[in-house]
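Structure first, then comments.
The values are calculated or read from the model by the stated rules, or taken from the named source; none is laboratory data. What you see is a predicted model; the values in this text were computed from it and never measured. Cβ atoms come from the backbone with ideal geometry, glycine included; neighbour counts cover every protein chain shown.
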Amino acid sequence: MRLPGLKFVLAACLLSAAAGGSFVPGQARAQQQAASSQAGSDTSTAEDNNGQDLTRPQDLFQLRYLYQTALGSGISRGSVRTVTTYSEILRMDKEFDLGPEWKWALRGDLPFTERNPLTADNPAGNFLQGIGDADVQATVIHQFDARWAAGAGVRIIAPTGDDNLTSGKWQAQPVVGARYSLPELSDGSYFEPVVRYAVSFAGDPSKRDISNLQFAPMFNVALPDHWFVTFYPTPDIRLNYGDAITGQTGRLFLPLDFMVGRSVGKALTISAEFGVPIIRDYPVYNFKSLARLNFRF
């Protein structure tokens, strides 16, 4: 998927979001608003849930379209070049009720990737296509009260992708997060720090070992008419304690990362995320854009 295609997807998402409200009949919209006002701050309606909240799982099917540039090895020893990645990622979530105030959530991701690494198997740096590394995640969530909720789980990444497209390593990523709702700001707003630690434990011994802390101080602001903006929706802040990567001069990667989107009706949420580095001592990416389409069922 080339960049023009991604631009088309992003434009279609935003145009659909902007137009979506006009196709909701006034009576239905009034009913939705009444239902939202009746819901407590601890149980925001499905329309207000953009799918990134670790503590509020959904029955969800998601399509993601990623465009990302990053540093890669150049032709001569020690040189670097820009590597471009395009990915279409399928995601499925399922929640299970474990009783009062407890939930269990399962998630799986399957990426289809195209990128242009410069390797011994690809000396011309052509674009290669294939399946990326699939992952599954299980999380247990507890709702403490109207404001506080927390979740903890583990994500397992399998080296299902081609050697030139993925890490070649099995990874475990323990994850924890806690949400503090902010209804005084707006219904559906919250602050939710999420922390993961990625560590490789098996796979190709010739590949780089992975050991890095991943952090997202997620801050979601619910806006009128089901719009929202989220700062740090994914754990892109990184501290690397594993093997060095191309272009690394330190441990820290600190980006500016934000997402804007809108819920359209009860079943669809669309959004676009953008990330650019502020500190790139550990160079995760040069630029990232990510379009999401969430289908709730």
- [ ] Starting from segment 242-270, keep only residues that are closer than 20 Å to Leu66 by Cβ, then list their pairs with residues that are part of a loop (DSSP other than H, G, I, E, B) and of a type in the set (Ser, Thr, Tyr) whose Cβ atoms are within a distance under 7 Å, requiring at least 6 positions of separation or different chains.
- [x] Phe253/Tyr282; Asp257/Tyr232; Asp257/Thr234
TODO: Check off (1) more than 30 Å from Val140 (Cβ to Cβ); (2) more than 14 Å from the chain's Cα centre (by Cα); (3) not hydrophobic (A, V, I, L, M, F, W, C) for Gly242 and give me the number that stays unchecked.
DONE: (1)
TODO: Considering (1) at pLDDT below 95; (2) closer than 29 Å to Leu128 by Cα, say which one Asp187 fails and leave the rest.
DONE: (2)
TODO: Identify the single condition in (1) closer than 30 Å to Thr84 by Cα; (2) surrounded by 17 or more Cβ atoms within 10 Å (Cβ to Cβ) that Ala172 does not satisfy, given that it satisfies every other one.
DONE: (2)
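Looking at Val221, is it of a type in the set (Val, Ile, Thr), more than 23 Å from Arg107 (Cα to Cα) and modelled with pLDDT of 95 or more? Break it down stepwise before answering.
On the way: of a type in the set (Val, Ile, Thr): yes; more than 23 Å from Arg107 (Cα to Cα): yes; modelled with pLDDT of 95 or more: yes.
Yes: the conditions hold for Val221.
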TODO: Looking at (1) closer than 24 Å to Asp281 by Cβ; (2) surrounded by fewer than 18 Cβ atoms within 10 Å (Cβ to Cβ), find the lone condition where Pro183 falls short.
DONE: (1)
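Output the residue which, of all residues in segment 182-197 that are without any contact (Cβ under 8 Å) to a residue 40 or more places away in the chain and part of a strand (DSSP E or B), is nearest to Ile156 (Cα to Cα).
Here is the first cut: in segment 182-197, the ones without any contact (Cβ under 8 Å) to a residue 40 or more places away in the chain are 182, 184-186, 189, 191, 193, 197.
Subsequent filtering for residues that are part of a strand (DSSP E or B) retains 191, 193, 197.
Details: Phe191: 26, Pro193: 21, Tyr197: 11 Å.
So, considering only residues that are without any contact (Cβ under 8 Å) to a residue 40 or more places away in the chain and part of a strand (DSSP E or B), the one nearest to Ile156 (Cα to Cα) is Tyr197.
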TODO: Please enumerate the residues belonging to segment 145-159 that are surrounded by 20 or more Cβ atoms within 10 Å (Cβ to Cβ), of a type outside the set (A, V, I, L, M) and closer than 17 Å to Ala198 by Cα.
DONE: Gly153, Pro159
- [ ] Only residues that are at pLDDT below 95 and either part of a loop (DSSP other than H, G, I, E, B) or under 15 Å from the mean Cα position of the chain (by Cα) (or both): list them for segment 83-120, please.
- [x] Leu98, Gly99, Pro100, Glu101, Asn116, Pro117, Leu118, Ala120
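Could you tell me whether segment 11-28 includes any residue that is modelled with pLDDT under 95, within 22 Å of Gly265 (Cβ to Cβ), crowded, with 18+ Cβ neighbours inside 10 Å and not β-branched (Val, Ile, Thr)?
Checked segment 11-28: at least one residue is modelled with pLDDT under 95, within 22 Å of Gly265 (Cβ to Cβ), crowded, with 18+ Cβ neighbours inside 10 Å and not β-branched (Val, Ile, Thr).
Being among the basic types (Lys, Arg) and either crowded, with 17+ Cβ neighbours inside 10 Å or closer than 30 Å to Lys207 by Cβ (or both) is the filter here; which residues of segment 260-297 pass it? Explain how you work it out, then say what you get.
Step one: list which residues in segment 260-297 are among the basic types (Lys, Arg), which gives 262, 266, 280, 288, 292, 296.
Arg262, Arg280, Lys288, Arg292, Arg296, listed by residue number.
Can you work out which of the residues in segment 199-238 that are among the small types (Gly, Ala, Ser), without any contact (Cβ under 8 Å) to a residue 60 or more places away in the chain and buried (at least 17 other Cβ atoms within 10 Å of the Cβ) is farthest from Ser186 (Cα to Cα)? Walk me through it before giving the result.
In the first step, residues of segment 199-238 are kept if they are among the small types (Gly, Ala, Ser); the result is 200, 202-203, 206, 211, 216, 222.
This time we only want the ones that are without any contact (Cβ under 8 Å) to a residue 60 or more places away in the chain, so: 200, 202-203, 206, 211, 216.
Among the residues that remain, those that are also buried (at least 17 other Cβ atoms within 10 Å of the Cβ) are: 200, 203, 216.
On the way: Ser200: 40, Gly203: 46, Ala216: 21 Å.
Applying the filter and picking the extreme gives Gly203.
Quick one: how many residues across segment 239-259 are in a strand (DSSP E or B) and either surrounded by 20 or more Cβ atoms within 10 Å (Cβ to Cβ) or at pLDDT below 95 (or both)? Step through it out loud before you land on a result.
So in segment 239-259, the residues in a strand (DSSP E or B) come out as 239-240, 252-259.
Narrowing further to those that are either surrounded by 20 or more Cβ atoms within 10 Å (Cβ to Cβ) or at pLDDT below 95 (or both): 240, 253, 255, 257, 259.
Final tally of qualifying residues: 5.
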